[in-house]
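Scroll down for the structure; my scribbles are underneath it.
Values in this text are rule-based calculations from the coordinates and carry no lab data. Bear in mind that the values here come from a model prediction, so they are computed numbers and not experimental data. All Cβ positions, glycine included, derive from the backbone under ideal geometry; neighbour counts span all protein chains shown.
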Amino acid sequence: MPLPVLFRDRSRPFQIMAGGVAPAAIGALAGVLIGVSTGAYWAVAVLAGVGGFLSGFEHQDGWGGADRGLVGGALYGTSLLIAHAIAGTTAKVSLGSFPPLLAVVTAIFGMFFAAAGGRLARSQREKPAGPADAEPELEEAV
């Protein structure tokens, strides 16, 4: 399995788009959808969680993934709240009694998802070569 390019080795424009713009855009989409459809909101939330997990694969280990997930989750949650306020709709999903806390919660979830992805990627990189990758053994003559 080919290893993904590490986030630190990617170009700065890609880092800005993948690490900042994408979580903010997906959060804004979720913020609009939270006032339109419960199912659509949860579908986008699951997509964001999967994206957070997969983003961890671009890091050396779980710690690097956790850093990116914390920032991405905070951007997602903040953008969700801002877009929902701009849309001016009534939320079909509860935002809790103190909605700004949602940004903290999404940051924590993002941190755990990306850390799990980074940890899994590290274990894949450190895994010893399997039988298909190992050199063939010579058969002994009888």
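If a/c stays under 1.5 just call it rounded; otherwise compare a/b with b/c (prolate if a/b is bigger, oblate if not). Do that for the range 26-106, with a ≥ b ≥ c from the square roots of the Cα gyration tensor eigenvalues. Because a/c hits 1.5 or more and a/b exceeds b/c, the range 26-106 counts as prolate. Toward the positive end of the charge dipole of the range 21-126, about the Cα centre and with charges on Cβ (Lys, Arg +1; Asp, Glu -1), which of A91, T106, L75 goes farthest? Going by the charge dipole, the pick is A91. Taking packing as the residue-averaged number of other Cβ atoms within 10 angstrom, the listed peptides 51-57, 100-106 run from highest to lowest as 51-57, 100-106.
Here the label points at A85 and A25, each 7 Å from Cα along the C-beta direction, are separated by 2.3 nm in the simple model. In this simple spin-label model, placing a label point 7 Å from the Cα along the Cα-to-Cβ direction at both I108 and E126 gives a separation of 2.7 nm. When the Cα positions of A18, W63, V5 are compared along the charge dipole of the chain, A18 comes out farthest toward the positive end, with charges on each C-beta of Lys, Arg, Asp and Glu.
Magnitude of the charge dipole for the chain, about its Cα centre and with charges confined to Cβ atoms of Lys, Arg (+1) and Asp, Glu (-1), is about 940 debye. A helix-only calculation puts the chain at -20500 deg cm²/dmol for mean residue ellipticity at 222 nm, using -39500 (n - 2.57) for each DSSP H run of at least four residues, averaged over all residues. As a rough footprinting exposure proxy, the listed residues F14, F98 were ranked by other beta carbons within 10 Å of their own, and the order from fewest upward is F98, F14.
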